[in-house]
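The values are calculated or read from the model by the stated rules, or taken from the named source; none is laboratory data. Being a predicted model, the structure only gives us computed values, none of them experimental. Every residue, glycine as well, gets a Cβ built from its backbone with ideal geometry; the counts of neighbours run over all protein chains shown.
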Amino acid sequence: MSETPSPRLRPTNPSGVLYMGIDLGTSRTSVAASNGVRESVASYVGYPKDVVAKKALKKDVLFGDEALGNRLALDFYRPLAGGVIQHSDGDGSNPDAKRFLKATQDLIRHAISLARPKQDELIYAVVGCPAQCSLRNKSSIVEAVRPVVDSVMIVSEPFSVAYGLDLLTDCLVIDIGAGTTDLCRMHGTMPTADDQVTTPFAGDHVDQTLLELLKKKCVGAAISIQMVKDLKEKFSFVGEKRDPVAVDLPVNGKPTRFEVAAELREACRSIVPSMVDAIHQLIASFDPDFQSRLKNHVLLGGGGSQMGGLREMLEVEMRERLGEGRVVRVDEPTYGGANGALKIAHDMPPEFWEKVS
Amino acid sequence: MHRLAGLFRSKSNLTSLKQLEREGVRSVNVLDIGRLGALVGEAMETALREALAVGGSAEFAVGGAQVEFMRRLGLGQRLADHGAELEAQQNALASQVGTLTGVLAQSREQLALSRERDHSAATTGLRAQLDLVLGQTLARLEQLATSTPSVAAEIGTLRRTLRAALLELLDEALCAAAPMRVAGAPADANDTKLDLLERRVRKLNAQLLESQELLARTRAGQSELQGAVPSIHRVAQGLRSDATDGQAKRSLLQAIFEHNLELRRTLADQPDPHAAPTGAGSK
């Protein structure tokens with residue numbers, strides 16, 4: 001692995017302030033910046049395994065789809081799992097912890113460089129983390145981001161989505177990521193632990209379930225988790241009505257066609273019950289005078305919100321269990337968290353930034 | 001420029017394609033010496049012109065040429081490394097200037113005190129001497145005037161007036177003598193020390209300004225190479241006073257800030273989990 005680059009030096013005479021909202025996701029990392037740039041990269045990092053690979057790839061480190069495409073020649077990392085830096089919950093004695101932290105730092109550095117900041121501008125960043133992220137996980141995120149920006153703050157991811165849309169009261173945000181599904185109810189003040197729920201039933205869980213179902217259905221086919229991810233991203237749905245989903249999988253090296261719509265739907269539906277339970281829990285424990293408002297302001301965000309029929313299915317489940325429910329999908333699921341974080345960064349008083357720098 | 005290209009050419013080794021082939025070389029990178037010469041020449045010219053325009057030192061011109069050359073060659077990483085070095089150098093200079101300015105202020109204060117003391121000591125002695133001479137003169141005058149009582153009364157008044165006038169003259173003479181001593185006579189050790197310190201601070205300040213200018217150029221070069229997009233904000237913003245839900249947002253932002261401040265404190269209190277073990281003493 002390449003050496004850690006030197007930490008960023010704070011400009012002495014800054015020519016401007018670049019605010020950044022960063023959604024450090026298990027599957028994708030998105031940035032939105034106050035210079036108008038918005039970029040997203042798959043959260044993969046790879047380092048050439050040996051000099052031959054380095055010579056062929058002509059790079060010390062690869063990111064995103066480029067890293068994924070060359071993963072066989074790389075020490076390949078998916079630095080985040082369950083919305084947090086892998087191995088960051090231990091005491092640091094695990095040698096993997098340092099490697100994953102380094103990969104995360106490189107990923108963040110890359111994501112920030114995608115926003116094309118000027119060298120002489122101050123960079124103030126707000127980073128979204130899962131709603132119920134532990135203190136140690138948060139510290140690890142701060143530790144990873146701090147060397148590459150001038151000041152950083154952490155916020156709960158669903159909260160930043162809500163802040164970005166100016167929905168601060170009587171609203172329930174569901175952020176379906178790859179590692180976690182985060183739910184947060186907003187009631188005008190800072191959400192506490194009781195206002196937030198994080199479940200591990202998210203995109204990665206769908207992938208794993210689908211992989212197992214396909215292995216049973218497509219006997220003899222060679223299937224990788226990446227194939228499953230691609231399949232899910234193209235065709236995911238949970239509704240009753242369905243079109244056939246035909247996929248070519250290699251059997252003994254030969255592409256063979258399989259019909260997998262039923263398996264795909266079953267896998268996608270596997271995250272719904274826990275989500276409905278969490279919605280039920282957050283609404284039932286809310287002030288009864290405001291429960292109806294909360295039920296009718298459910299906001300669906302994150303990459304997982306793109307599943308066909310999910311919004312309708314949640315409304316049906318809510319009507320059944322809670323009597324009513326109205327769910328709205330955010331317009332930009334990929335950038336919802338980053339946009340909200342950027343807005344928080346912008347609104348944060350300058351003296352607060354100075355104090356945490 | 002042509003002379004520079006010729007110089008590069010004179011330092012190169014001549015070989016043949018056959019010779020290269022024999023050595024197993026299948027492909028080569030071709031470098032246009034004329035282009036390289038032009039790049040170096042242009043970088044030097046720009047740097048010198050800029051240095052002359054601001055009355056910069058030779059080091060400033062050299063530093064400027066380095067930055068200009070790296071920028072023209074598109075060496076982003078080298079520029080970044082150079083920027084980091086300049087930043088470190090700038091911090092060291094700023095710290096030295098701060099220390100020396102403090103020492104200078106202290107020395108000035110001490111010198112002023114010492115001069116005040118010297119002046120006071122000199123005046124006290126002279127006053128005593130003046131009083132003695134005045135006393136003797138007037139005593140003699142009193143002896144001479146015993147025959148005329150009205151004159152004896154006048155002498156008391158005359159004594160006070162005369163003393164005040166003489167003291168005034170004495171002070172003026174001492175004040176006039178002080179600058180003459182600085183301008184004419186060889187400077188004392190304190191003056192030399194002050195002078196040296198002042199020159200050193202001036203020199204360091206000039207170096208600091210040049211370093212800041214070079215750093216700004218390096219950063220501008222980096223940004224240019226990276227196709228950087230400037231932020232729409234020149235200064236830090238904060239929530240607008242007329243924002244929707246202003247009060248609610250302010251309290252939310254305050255809560256986020258406090259949580260992050262708490263997180264920093266916790267981080268600072270925790271031992272670094274990635275730090276190396278403390279060696280022999282650790283268990």
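For the reader, a short list of remarks on this structure follows.
- Scanning segment B:220-255 for residues that are under 29 Å from B:Leu86 (Cβ atoms) and more than 7 Å from chain A (Cβ to nearest Cβ) returns B:Ala220, B:Gly221, B:Glu224, B:Leu225.
- Taking (1) within 14 Å of chain B (Cβ to nearest Cβ); (2) free of Cβ contacts under 8 Å to residues at least 60 places away in the same chain; (3) β-branched (Val, Ile, Thr) in turn, A:Val328 satisfies each apart from (1).
- Filter result (within 14 Å of another protein chain (Cβ to nearest Cβ), among the hydrophobic types (A, V, I, L, M, F, W, C) and not in a helix (DSSP H, G or I)) within segment A:174-218: A:Cys184, A:Met186, A:Met190
- In segment A:39-54 there is no residue that is closer than 30 Å to A:Glu354 by Cα, touching a Ser or Thr at 6+ places or on another chain (Cβ under 7 Å), away from chain B (no Cβ under 14 Å) and part of a helix (DSSP H, G or I).
- All of B:Arg264, B:Arg200 fail the test of being at pLDDT 85 or above, within 30 Å of B:Asp118 (Cβ to Cβ) and surrounded by 11 or more Cβ atoms within 10 Å (Cβ to Cβ), apart from B:Arg200.
- Condition check for A:Gly325: part of a helix (DSSP H, G or I) and not hydrophobic (A, V, I, L, M, F, W, C): no
Residues checked against (1) surrounded by fewer than 21 Cβ atoms within 10 Å (Cβ to Cβ); (2) closer than 25 Å to A:Ser292 by Cβ; (3) outside the structural domain of A:Leu114 (by TED's automatic domain parsing):
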site	(1), (2), (3)
A:Asp150	yes, no, no
A:Met153	no, no, no
A:Pro158	no, yes, no
A:Leu172	no, yes, yes
A:Asp175	no, yes, yes
A:Ala178	no, no, yes
A:Asp182	no, yes, yes
A:Met186	no, yes, yes
A:Thr189	yes, yes, yes
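- Some residue of segment B:249-257 being at pLDDT 80 or above and within 30 Å of A:Ala97 (Cα to Cα): yes
- With a requirement of 1 or more residues that are out of contact with any strand residue (DSSP E or B) (no Cβ under 8 Å at 6 or more places or on another chain), the strands (runs of 3 or more DSSP E) lying completely within segment A:246-309 that satisfy it span A:254-259.
- Any chance A:Glu157 is at the interface with chain B (Cβ under 10 Å from one of its Cβ atoms), touching a residue at least 12 places away in the same chain (Cβ under 8 Å) and not hydroxyl-bearing (Ser, Thr, Tyr): no
- Each residue in segment A:79-103 was checked for being surrounded by fewer than 17 Cβ atoms within 10 Å (Cβ to Cβ) and on the phi > 0 side of the Ramachandran plot, and 0 pass.
- Some residue of segment A:138-153 being touching a Gly at 6+ places or on another chain (Cβ under 9 Å) and more than 10 Å from every other protein chain (Cβ to nearest Cβ): no
- Yes/no for A:Ala67 being in a helix (DSSP H, G or I) and modelled with pLDDT of 85 or more: yes
- Only residues that are in contact (Cβ under 8 Å) with a residue 12 or more places away in the chain and more than 8 Å from chain A (Cβ to nearest Cβ) were counted in segment B:207-217, giving 7.
- In segment A:303-357, residue modelled with the lowest pLDDT [restricted to those that are within 25 Å of A:Val149 (Cβ to Cβ) and hydroxyl-bearing (Ser, Thr, Tyr)]: A:Ser357
- Flag if A:Lys102 is among the basic types (Lys, Arg), outside the structural domain of A:Leu172 (by TED's automatic domain parsing), farther than 20 Å from B:Gly221 by Cβ and free of Cβ contacts under 8 Å to residues at least 40 places away in the same chain: no
- Among (1) without any contact (Cβ under 8 Å) to a residue 60 or more places away in the chain; (2) surrounded by 13 or more Cβ atoms within 10 Å (Cβ to Cβ) - the single one B:Gln77 does not satisfy: (2)
- Filter result for A:Glu233 (of a type in the set (Asp, Glu) and not in a helix (DSSP H, G or I)): no
Results for (1) more than 27 Å from the chain's Cα centre (by Cα); (2) aliphatic (A, V, I, L, M); (3) assigned by TED's automatic domain parsing to the domain that holds A:Asp65, shown as yes or no for each residue.
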| position | (1), (2), (3) |
| --- | --- |
| A:Lys234 | no, no, no |
| A:Val245 | no, yes, no |
| A:Pro255 | yes, no, no |
| A:Leu294 | no, yes, no |
| A:Val298 | no, yes, no |
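- Where a residue in segment A:109-124 is farther than 16 Å from B:Ile232 by Cβ and facing another protein chain (nearest Cβ under 9 Å) and its partner, wherever it lies, is among the basic types (Lys, Arg) and crowded, with 23+ Cβ neighbours inside 10 Å, with Cβ under 9 Å and at least six apart: A:Gln119/B:Arg219
- Counting only residues that are more than 14 Å from chain B (Cβ to nearest Cβ) and in a helix (DSSP H, G or I), segment A:331-357 holds 4 of them.
- Subset tally (residues that are surrounded by 24 or more Cβ atoms within 10 Å (Cβ to Cβ) and not in a strand (DSSP E or B)) for segment A:120-130: 1
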